[in-house]
Each structure stands twice: as C-alpha cells, then as structure tokens.
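*Asks:* Below is a structure I'd like to ask you about.
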Amino acid sequence: MNQQLPEIKFDATNLVKEEVYTDQKIGSIRILTPVTVDGKQDETRKTTYFGQTQVMTPGGALPLNFELKADSFKSAIEQFGDAAKENMEQTMKEIQEYQREQASKIVVPGQSNSNIQMP
C-alpha cells in the first residue's frame, strides 16, 4: 500500500480570521478579515462579509449563503435583508430551471423520441 498521497500544505499567503455574528433569529454574518502569518490584520487585502440564513420550503429548510458587498459590519447588517431576498429569488429560479431540465429528461415507455436518429 504505497499510494502517492497529495501534498497538504497550508496557504500562509491567504490567511483570514473568521468571526461569526448572529441575531439568533434570522441568520448570521461571517466576517473574513485578512491577516498575516503573525496574526495582524493585512491591510493590503479587503475584509469580506457573508450572510447565512435559511428559508422553509415544502421540501424542508433551504440554506442560503451569500456575499454582502459591504465595507463595514454596519453596512453588512443593513444589506442583509435585501441580499438574502435576492439570493433566495435566484436560488428559486435555479431550482425551477433544474426541475424543468429533469422533467424534460423523463422517458415514458411507448413514446417515441424524435431526437433519436436511426441508422
């Protein structure tokens, strides 16, 4: 059993400190603050903000994860609702498109498929 294992190396050039804040009702905001290898904030890279929530659907809870185009925590909080709604609408469109694609693939016995070319 001398299998070649992949090299596992921590990327010290892309370090971030992650903080999570929640209102314990609607969702949470993740703040990813770039840091250097000594743990100090890396001012050369931008802090990013991500929202997380879930909505109930007939099929159960649907998790939503979305970037908040904010430059501060306060701005991220203010954007949360609109960004969540936009992400939910996009996700629902993608689900509907997926369902349409899957429905078009259903093959019913006895039906001819006009897309099949016979030699």
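The values are calculated or read from the model by the stated rules, or taken from the named source; none is laboratory data. Please read all numbers here as calculations on a predicted model, not as lab measurements. Methodologically, a virtual Cβ is constructed for each residue, glycine included, from the backbone with ideal geometry; neighbour enumeration extends over all protein chains shown.
*Asks:* Take the residues in segment 45-80 that are among the hydroxyl-bearing types (Ser, Thr, Tyr) and over 19 Å from residue 33 (Cβ atoms); name whichever of them is surrounded by the most Cβ atoms within 10 Å (Cβ to Cβ).
*Replies:* 53
*Asks:* All but one of (1) modelled with pLDDT of 95 or more; (2) touching a helix residue (DSSP H, G or I) at 6+ places or on another chain (Cβ under 8 Å); (3) not aromatic (Phe, Trp, Tyr); (4) not in a loop (DSSP other than H, G, I, E, B) hold for residue 70; state the number of the condition that does not hold.
*Replies:* If we test residue 70 against (1) modelled with pLDDT of 95 or more; (2) touching a helix residue (DSSP H, G or I) at 6+ places or on another chain (Cβ under 8 Å); (3) not aromatic (Phe, Trp, Tyr); (4) not in a loop (DSSP other than H, G, I, E, B), just (4) comes out false.
*Asks:* Also: Which residues, taken from segment 25-79, are more than 13 Å from residue 15 (Cα to Cα) and among the charged types (D, E, K, R)?
*Replies:* Listed by number, the residues that qualify are 25, 30, 67, 69, 71, 74, 78.
*Asks:* On the given criteria, is residue 10 on the phi < 0 side of the Ramachandran plot, exposed (fewer than 11 other Cβ atoms within 10 Å of the Cβ) and out of contact with any helix residue (DSSP H, G or I) (no Cβ under 9 Å at 6 or more places or on another chain)?
*Replies:* Working: on the phi < 0 side of the Ramachandran plot: yes; exposed (fewer than 11 other Cβ atoms within 10 Å of the Cβ): yes; out of contact with any helix residue (DSSP H, G or I) (no Cβ under 9 Å at 6 or more places or on another chain): yes.
For residue 10, the condition - on the phi < 0 side of the Ramachandran plot, exposed (fewer than 11 other Cβ atoms within 10 Å of the Cβ) and out of contact with any helix residue (DSSP H, G or I) (no Cβ under 9 Å at 6 or more places or on another chain) - is met.
For (1) in a strand (DSSP E or B); (2) of a type outside the set (Phe, Trp, Tyr); (3) in contact with a helix residue (DSSP H, G or I) (Cβ under 8 Å, 6 or more places away or on another chain), each residue gets a yes or a no:
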residue: 20; (1), (2), (3): yes, yes, no
residue: 24; (1), (2), (3): no, yes, no
residue: 29; (1), (2), (3): yes, yes, yes
residue: 33; (1), (2), (3): yes, yes, no
residue: 39; (1), (2), (3): no, yes, no
residue: 43; (1), (2), (3): no, yes, no
residue: 50; (1), (2), (3): yes, no, no
residue: 55; (1), (2), (3): yes, yes, yes
residue: 61; (1), (2), (3): yes, yes, no
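*Asks:* List pairs: first in segment 2-15 and closer than 27 Å to residue 45 by Cα, second among the hydrophobic types (A, V, I, L, M, F, W, C), Cβ under 7 Å, 6+ apart or cross-chain?
*Replies:* Sorted first by the residue in segment 2-15, then by its partner, the pairs are 12/37; 15/35; 15/37.
*Asks:* Residues in segment 9-16: is at least one aromatic (Phe, Trp, Tyr) and at pLDDT 95 or above?
*Replies:* no
*Asks:* Every residue in segment 73-97 that is of a type in the set (S, T, N, Q) and either closer than 18 Å to residue 22 by Cβ or touching a Ser or Thr at 6+ places or on another chain (Cβ under 7 Å) (or both), please.
*Replies:* Result: 75, 79, 87.
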